[in-house]
Amino acid sequence: MPRSGVRVTYLGTNGYQFEFQGHALLVDPYFSRVDLFSIALGSRLQPNISRVEGGMRYLAPKADAILVTHGHFDHLLDVPIVMSRTHARLITSASAVELAKRAGASSPKAFGVSAGDVRRVGPWKIRVLPATHDRLFGKVPFDQRQMRSSGPPQHPADWVCGEPLAFLIEVGDQRIYIDSGGTPTQLPPRERVDLAILGMALPDSRARLPRALERLEPRYILPSHQDNFFQPLDAGFQFGPLTDFSRVRRDCQQANHGRLILLDYFRPWTLRKK
């Protein structure tokens, strides 16, 4: 562990671990990496225990909290297991809390939040911000606020989007913004951040990128949700078929706000003070 700064570990998809002075905070941990064929067929989804255990070898034994940006399977499917093994509380939208509980998450440790809320957990100050989810072929996938059936989520469409959120995390005089395809124009002006983690999986978020950089003025820019999350983590990093990193890189250079970085799976990088 570094003596100063925040250690950032990329977990794949939009998943991250932040560590600071012996404390850990997780965002969207997803290790099962369900294949595209199963999703397209609407097959029954279950966490891949061996893959979850493999991914968790890189996590701190305990975590203060898990933040989840929205309820889709590639953000929430593995969270109940990760909660139980890291003793972390869950902080996410009310609809995602309901999904997690139905999937086996501990009710006393699941907390619903809305845009505008502020939570303090350990050394972390977490501001909850409004977001939107990017469209896929003109439509937000599984765009419902609540699951239609009364049982546990079993199929891809059961993991509904719900209310998408973004988070502004403050710790040790550092500010980290993270979304999964959000609306940073809804942030108050002059919200300068040290690290902006911006979901870049689909065209909507790439179209918003110049405005996001203008508003956030980050020291570092980390495009997220760039990998092919239908492939297992041990296959190594591969860009997703709908990503366009060349455009992201060009827009970042033209905006001249912050240094563009990429992280490989499970290889930590330390965000240090200026």
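The values are calculated or read from the model by the stated rules, or taken from the named source; none is laboratory data. This structure is a prediction, so every number in the text was calculated from the model and none was measured. Positions of Cβ are backbone-derived with ideal geometry, glycine not excepted, and every protein chain shown enters the neighbour counts.
Some observations on this one:
- Hits in the stretch 63-97 (condition: of a type in the set (S, T, N, Q) and within 18 Å of R51 (Cβ to Cβ)): S84, T86
- All of D173, D143, D134, D158 fail the test of being out of contact with any Phe, Trp or Tyr (no Cβ under 7 Å at 6 or more places or on another chain), of a type in the set (D, E) and more than 24 Å from L36 (Cβ to Cβ), apart from D173.
- Some residue of the stretch 28-48 being touching an Asp or Glu at 6+ places or on another chain (Cβ under 9 Å), in contact (Cβ under 8 Å) with a residue 60 or more places away in the chain and either among the acidic types (D, E) or within 15 Å of W124 (Cα to Cα) (or both): yes
- Any hit, the stretch 54-70, residues being under 28 Å from A94 (Cβ atoms), in contact with a Cys (Cβ under 7 Å, 6 or more places away or on another chain) and either in contact (Cβ under 8 Å) with a residue 12 or more places away in the chain or among the aromatic types (F, W, Y) (or both): yes
- If you filter the stretch 211-233 down to residues that are charged (D, E, K, R) and more than 21 Å from V8 (Cβ to Cβ), you find that the one that is surrounded by the most Cβ atoms within 10 Å (Cβ to Cβ) is R215.
- Of all residues in the stretch 255-274, those satisfying the criterion of being at pLDDT below 95 and farther than 17 Å from L198 by Cα are R272, K273, K274.
- The stretch 122-140: number of residues that are surrounded by fewer than 18 Cβ atoms within 10 Å (Cβ to Cβ), touching a residue at least 40 places away in the same chain (Cβ under 8 Å) and in a strand (DSSP E or B): 3
- The residue list P156, P184, P241, P164 contains one member that is of a type outside the set (F, W, Y), at pLDDT 90 or above and in contact with a helix residue (DSSP H, G or I) (Cβ under 6 Å, 6 or more places away or on another chain), which is P156.
- M147 at pLDDT 95 or above, hydrophobic (A, V, I, L, M, F, W, C) and either closer than 22 Å to V6 by Cβ or crowded, with 20+ Cβ neighbours inside 10 Å (or both): no
- Residue in the stretch 31-40 that is of a type outside the set (S, T, N, Q), modelled with pLDDT of 95 or more, touching a strand residue (DSSP E or B) at 6+ places or on another chain (Cβ under 8 Å) and closer than 23 Å to A110 by Cβ present: yes
- Only a single item in (1) hydroxyl-bearing (S, T, Y); (2) over 13 Å from D78 (Cβ atoms); (3) in contact with a His (Cβ under 7 Å, 6 or more places away or on another chain) is not met by Y16, and it is number (3).
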